[in-house]
Every structure is written in C-alpha cells, then in structure tokens.
Amino acid sequence: MHTLTKGTSFGAPTKLENDLASLIIKAIPSIEMIRFVNSGTEATMSAIRLARAFTGKNKIIKFQGGYHGHVDSLLVDAGSGSLTYSVPTSDGIGKEIPNTTLTAKYNDISNIKELFTTHKNDIAAIIVEPIAANMGVVPGKKEFLQELRNITKNNDALLIFDEIVTGFRVSYHGAQHIYNIKPDITCLGKIIGGGFPIGAYGASKEIMEEVAPIGKMYQAGTLSGNPVAISAGLKTLQILDNKKIYQDIDSNTKKLVTEIRNLLNQQNIPNTINQVGSMFTLFFPGEQSR
C-alpha cells in the first residue's frame with residue numbers, strides 16, 4: 001500500500017526494479033540481465049523474438065501439449081508427425097504463422113534429432129517447460145533435458161526454459177537448479193510479482209544486449225516493471241529465500257497427495273498422481289502422462 005500511494009507507473013526505471021532484478025539474478029545464475037514485462041505470454045513472446053534476433057534464424061521448436069501463453073506462433077500443437085509443421089489450436093491465427101513452429105514429443109529426444117537434421121540451419125531455439133505443468137506435471141527426464149542443451153549448443157540454437165510455473169516454486173532457484181542445466185533464456189511469471197500481473201525474460205549479457213536500446217530487437221511496455229507488482233514481488237521473493245519454506249511446502253503437498261490417493265484406493269478407483277514440490281495433478285484411469 002505504501003508503494004501504491006506513490007504512483008502506479010513511471011516513465012523511468014525505479015530503484016525497486018533494480019532491487020528485484022538483482023535478487024532474481026542472484027537466485028538464477030543463468031540470468032545476467034533481465035527485462036520485465038507484463039505477463040508470462042509477453043515473456044515467452046519476447047524470448048522467441050530475442051532468440052530469432054540473436055541467431056538470425058527463424059524456426060522455433062516446442063513440444064506437444066506444452067503451453068507457453070497465447071502467442072500466435074506458440075499456440076499450436078502437433079501436425080501429423082514429428083517432421084511436419086504445426087497447425088493452429090485457435091481460430092484467428094494467420095495461416096502462415098504456424099509454419100515457423102515445429103513440434104516434437106516431450107521426453108523423446110529422437111524427434112529433436114530428426115527436426116535438426118531436416119531444419120538444422122533454420123532453428124533459432126527450443127522452448128520447453130522443464131516440468132510440463134499444462135500436461136499434468138510431467139517432469140522432463142534429466143537425460144532428455146541435457147540432450148536438448150547439447151543439441152542446441154552444437155547447432156548454434158538457443159535453449160529457452162519456460163519457468164513461468166516452476167520458477168521460484170519447485171525451488172528458489174527454479175527447475176534449472178534441480179536439473180543442473182543452464183538454459184540460454186529463462187522466462188518467469190507472476191510469482192516474481194507476488195501474484196500481480198508481471199513477467200520477465202533473462203539471459204546472459206551477450207544475448208540480452210541484442211535488446212534495444214543497445215541492440216536492434218525492440219520490446220517495450222508502458223506498465224512493464226510497474227512499482228506495485230515490483231514491490232509485491234520483491235517482498236515475496238525475500239520471504240521465499242528460505243529453504244525451510246520449500247521443505248514445508250513439499251512435505252505438506254506430499255501429505256495431501258497421500259491422503260487423496262488413499263481415499264481413492266479405498267474406493268477402488270484407479271488413479272495416478274504426478275507431484276513435484278507443490279505441483280500435482282490427478283489422473284483417472286489410463287496411461288500416466290510422460
């Protein structure tokens with residue numbers, strides 16, 4: 001409330017922005033510079049634009065079932081096979097836009113190898129949730145994510161971790177800390193604003209200097225980094241910088257999941273529950289997502 005009384009938007013950067021940026025950079029080593037935006041969608045949209053600008057390439061790989069916001073080029077699912085272009089999953093998307101997006105199966109590195117064989121010189125980046133929330137909390141296999149890192153490095157493409165759901169949630173340092181994999185670009189969401197509308201994308205200094213005004217990749221927003229969201233986020237992340245909080249959250253979630261599973265088993269209801277930290281999804285009979 002104290003911040004709110006001073007104003008909700010300023011044309012120039014504020015000290016609070018610098019404080020929050022410094023805190024995030026300290027928490028997530030893959031980020032050396034960061035840019036605040038207004039939502040997770042803006043973060044992923046800006047990240048893929050940055051990847052194209054930095055690499056000079058055009059195509060983006062995403063995974064079937066992966067949700068990265070309502071960006072036209074990412075709001076697509078699979079075509080009829082791993083080597084086909086994607087098709088839109090929403091009306092109103094230009095017919096030519098999905099041609100820049102390739103889709104592959106999650107946790108299946110063979111798809112990625114095929115795509116790079118076919119489109120090697122035109123793939124700018126892979127965007128992936130290290131733990132796929134939209135598909136039902138499906139953890140990426142360690143070897144799968146490591147191969148994504150290796151393949152992108154070897155083909156002059158970037159690896160984008162969409163940590164809008166997992167960042168500061170599965171651990172204070174994000175899922176990339178759990179897997180010990182350093183992406184090129186990281187996207188973050190509302191948690192860095194304490195639930196207020198905000199997002200961010202960050203990367204190494206070399207990559208981020210492609211963004212205007214230093215570089216030629218334009219991105220801006222009137223309310224980006226507004227003091228209300230920044231102030232709430234700063235306080236939230238200061239509170240979360242405590243290992244016991246994550247231990248308690250994980251313990252309480254496991255207890256909840258165990259109780260749900262026991263109740264269903266008592267009624268002879270087939271079930272599977274995927275759980276990572278405070279994230280969990282209940283599946284009724286059928287094959288577990290993977």
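Every read-out reported here was derived from the displayed coordinates using simple, explicitly stated rules and does not represent laboratory data. It should be emphasised that the depicted structure is a prediction, and the values quoted were computed from it without experimental measurement. Please note: Cβ atoms are built from the backbone with ideal geometry, for glycine as well, and neighbour counts cover all protein chains shown.
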- Helical mean residue ellipticity (222 nm; -39500 (n - 2.57) per DSSP H run of 4+; nearest 500) of the chain: -11000 deg cm²/dmol
- Straight distance only, please: which lysines reach the Cα of LYS105 with their own Cα at less than 26 Å, same-chain residues fewer than 8 apart left out? LYS57, LYS59, LYS62, LYS95, LYS113, LYS120, LYS141, LYS142, LYS153, LYS182
- Task: With θ set to phi - 60°, apply the Karplus curve 6.51 cos²θ - 1.76 cosθ + 1.60 along the stretch 236-252 and write out the HN-Hα couplings as whole Hz, x wherever there is a Gly or Pro.
- Result: 4, 5, 5, 5, 6, 6, 7, 4, 5, 4, 5, 5, 5, 4, 5, 5, 5
- Query: Translational D (Stokes-Einstein, µm²/s) of the stretch 199-264 at 20 °C and 1.002 mPa s when Rh comes from the Kirkwood sum over C-alpha pairs?
  - Reply: 135 µm²/s
- Task: Pull out a ≥ b ≥ c, the square roots of the eigenvalues of the alpha-carbon gyration tensor of the stretch 29-69, then state rounded if a/c is under 1.5, prolate if not and a/b is larger than b/c, and oblate in the remaining case.
- Result: oblate
- Looking at the chain, which longest stretch skips every one of the GluC sites (Glu not before Pro) that is in a DSSP loop with at most 12 other Cβ atoms within 10 Å, leaving the sites themselves out? 97-286
- Message: Using each residue's phi in the stretch 214-221, evaluate 6.51 cos²θ - 1.76 cosθ + 1.60 at θ = phi - 60° and report the 3J(HN,Hα) Karplus result to the nearest Hz, with x for Gly and Pro.
- Response: 6, x, 10, 8, 7, 7, 7, x
- Note on the structure: Filtered hits (lysines, Cα-Cα < 24 Å from LYS255, offset >= 8 within chain) -> LYS243, LYS244
- Note on the structure: A correct Stokes-Einstein calculation for the stretch 243-283, using the alpha-carbon Kirkwood radius, 20 °C and 1.002 mPa s, returns a whole-number D in µm² s⁻¹ of 201 µm²/s
- Could you work out the mean projected area of the convex hull around the alpha carbons of the chain, in square nanometres to one decimal? 16.5 nm²
- Task: From the C-alpha gyration tensor of the stretch 150-290, pull out the three semi-axes of the equivalent ellipsoid (sqrt of 5λ each), sorted largest to smallest, in whole Å.
- Result: 35, 21, 14
- Item | Exposed-site-free run, longest, the chain (rule: chymotrypsin sites (Phe, Trp or Tyr not before Pro); DSSP loop; at most 14 other C-beta within 10 Å) | 11-217
- Task: Could you grab the relative contact order for the chain? Cα pairs under 8 Å, six or more apart, rounded to a whole percent.
- Result: 24 percent
- In Å and from the alpha-carbon atoms only, list the Rg and Dmax of the stretch 143-197. 12.3, 38
